[in-house]
Amino acid sequence: MAAVISTDICIIGAGPVGLFAVFEAGLLKLRCHVVDALPQPGGQLSEIYPKKPIYDIPGYPEILAGDLVDNLMKQIAPFHPTFTLGERVERFAKLDDGSFQLYTTDGTEIQCRAVAIAGGLGSFEPRKPAVDSLERFEGGRGVHYMVRDPEHFRDKKIVIAGGGDSALDWTNFLANVASEVTLVHRGTTFRGAADSAEKVQKLHEAGKIKLVLSSNVTHLHGDDELLQQVTITGNNGQAETVPVDAFVPLFGLTPKLGPIGDWNLDLTDDAVLVNTEDYSTSLPGVYAIGDINTYPGKLKLILCGFHEAALMCQGAFKYIYPDKKYTLKYTTVNGAPSM
């Protein structure tokens, strides 16, 4: 059995607001463990639009979403946070001593003294294409909605479907990993970054991948255990069935409030109501920051989430150490406040 993870604050959500909360907690010498259902930190910034420019981060007239995530990871590195990625917090309980016990979908147990929900718009579920027999080959049988470990596709034949950044980026990357890569897109132009689309085109022209435009994957075929073939149908009705080891539809993610909606927190319109003094929820010791919360005047901006994270950590410190005083100093003085 895996060891139980023990920490001061469990942060649910590894998006930019959750990552910055690690920094603010670190200044207060609070340890953090971060849980996210996605396989890498960054939330939407990493998964959906890593190359999208962001314009409202102080000190950066423009910064790419992926670069912002990289900078946040560097900023929190001195505080040595720990992570559980690719798992979703499924169960939640408050103990008699005021601490909390959380369990993920894979059975990871986390014991903490405060909980910060920084889940963005909630947990994300993949947008699934309308393909016959799709669910039959889920669960490790050949259909993958995320690329958790590129090595899983080493020397395999894969078909990727999609026209956004994720489809383009993984096509470019897996061209050097898989034995065969086919990218299927229903249109003739891509929604992703022009540079990534250009790289895909060059790989196609060099014969390193196969690019199939104006087409969709329409059928999956295999035995009771594994996917073996997919049928690709063009907009003109012509169809071709090709052998595959894996089908990777990358059509983005749909936000869902998920299990958080069953935690008896005060909600409105699928958002968690908070007190703006410290962004506490209706359950003492549980806080909500970023897009998942709501209050009068709420703005869904990363900038505002950073502000919420700072005040949340102050409130969490008081909850964890109700009798302990601390002196907040400027971070330019010594890098961390003394206590």
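Left without a cysteine partner by the 4.7 Å Cβ rule in the chain: C32, C304, C313. GNM on the chain, alpha-carbon springs under 10 angstrom: the most fluctuating residue among K199, K52, K325 is K325. Remark on E90: its backbone amide H falls under 5 Å from those of Y103, T104, T105, a criterion applied only to residues 5 or more positions apart or on other chains, H modelled at 1.01 Å from N. The Rg/Rh ratio of region 73-194, with both radii computed over alpha carbons and Rh defined as the Kirkwood radius, is 1.06. A straight Cα-to-Cα reach below 13 Å connects K128 with the aspartates and glutamates E138, residues fewer than 8 places away in its own chain not being considered. Measuring r between the beta carbons of K74 and N236 and using R0 = 51 Å, the FRET efficiency lands at 0.55.
Residues I63, I289 in ascending order of nearby Cβ atoms (within 10 Å, fewest first): I63, I289.
Is the shape of region 1-112 rounded, prolate or oblate, going by the alpha carbon gyration tensor and its root eigenvalues a ≥ b ≥ c, with a/c under 1.5 for rounded and a/b larger than b/c for prolate? Here region 1-112 falls in the prolate category.
Take the Cβ atoms of L267 and K128, set R0 to 25 Å, and the FRET efficiency comes out at 0.40.
Fewest-first ordering of S196, S179, S166 by other beta carbons within 10 Å of each residue's beta carbon gives S179, S196, S166. Each helix, a run of at least 4 DSSP H residues, gives -39500 (n - 2.57); summed and divided by the residues of the chain, these come to -6500 deg cm²/dmol at 222 nm. Using alpha carbons only, how many degrees (0 to 90, rounded to 10) separate the axis of helix 194-205 from the longest principal axis of the chain? For 194-205 against the chain, the angle is about 30 degrees. Using a cut-off of 11 Å between beta-carbons, work out the net charge of the residues near K156 (Lys and Arg +1, Asp and Glu -1, K156 not included). Summing Lys and Arg as +1 and Asp and Glu as -1 gives -2. Phi-derived couplings, Karplus 6.51 cos²θ - 1.76 cosθ + 1.60 at θ = phi - 60°, listed residue by residue for region 272-288: 8, 6, 9, 8, 6, 5, 8, 6, 7, 9, 6, 10, x, x, 10, 10, 9 Hz, with x used for Gly and Pro.
Compute the angle between helix 16-27 and the longest alpha-carbon principal axis of the chain, please, reported from 0 to 90 degrees and rounded to the nearest 10. Value to nearest ten degrees: 30. Inter-label distance, A194 to Y295: 4.2 nm, where each label sits 7 Å from its Cα along the C-beta direction.
Amide H contacts of E125: T254, K256, each under 5 Å away and 5 or more positions distant or on a separate chain (H built 1.01 Å from N in the peptide plane; Pro and chain starts excluded).
Would you please state which residues of region 172-197 a label at A206 would reach in this model, taking the label point 7 Å out along Cα→Cβ and a backbone N cut-off of under 13 Å? Label zone hits: 172-177. The Cα-based radius of gyration and maximum Cα-Cα distance (Dmax) for region 128-251 are 13.3, 40 Å. Pairs with C-alpha atoms separated by more than 20 Å, drawn from the list K94/K318; K298/K318; K74/K325; K29/K318; K52/K199, are K298/K318; K74/K325.
By the count of other C-beta atoms within 10 Å, a proxy for reagent exposure, M146, M312, M73 are ordered fewest to most as M73, M146, M312. For the pair D97 and K325, what calculated FRET efficiency results from E = 1/(1 + (r/R0)^6), where r is the Cβ-Cβ distance and R0 = 30 Å, to the nearest 0.05? With a Förster radius of 30 Å, E is 0.85. The HN-Hα couplings worked out from phi for region 217-230 by the Karplus form 6.51 cos²θ - 1.76 cosθ + 1.60 (θ = phi - 60°) are 6, 10, 9, 10, 9, x, 8, 5, 10, 9, 5, 10, 8, 10 Hz, whole numbers, x standing for Gly and Pro. Across region 128-251, C-alpha contacts under 8 Å between residues 6 or more apart give a mean separation that, scaled by the residue count, equals a relative contact order of 34 percent.
The calculated P(r) of the chain, using every Cα pair and 10 Å bins from 0, goes 5, 23, 29, 21, 14, 5, 1, 0 in percent. For the chain, find the longest principal axis of its Cα atoms and tell me its angle to the long axis of helix 165-174, 0 to 90°, nearest 10. With rounding to tens, the tilt is 70 degrees.
The numbers here are math on the coordinates, done by the rules we state, and not lab data. Just so you know, these numbers come straight off a predicted model, no measurement behind them. Counting neighbours? That spans all protein chains shown, and the Cβs are built from the backbone with ideal geometry, glycine included.
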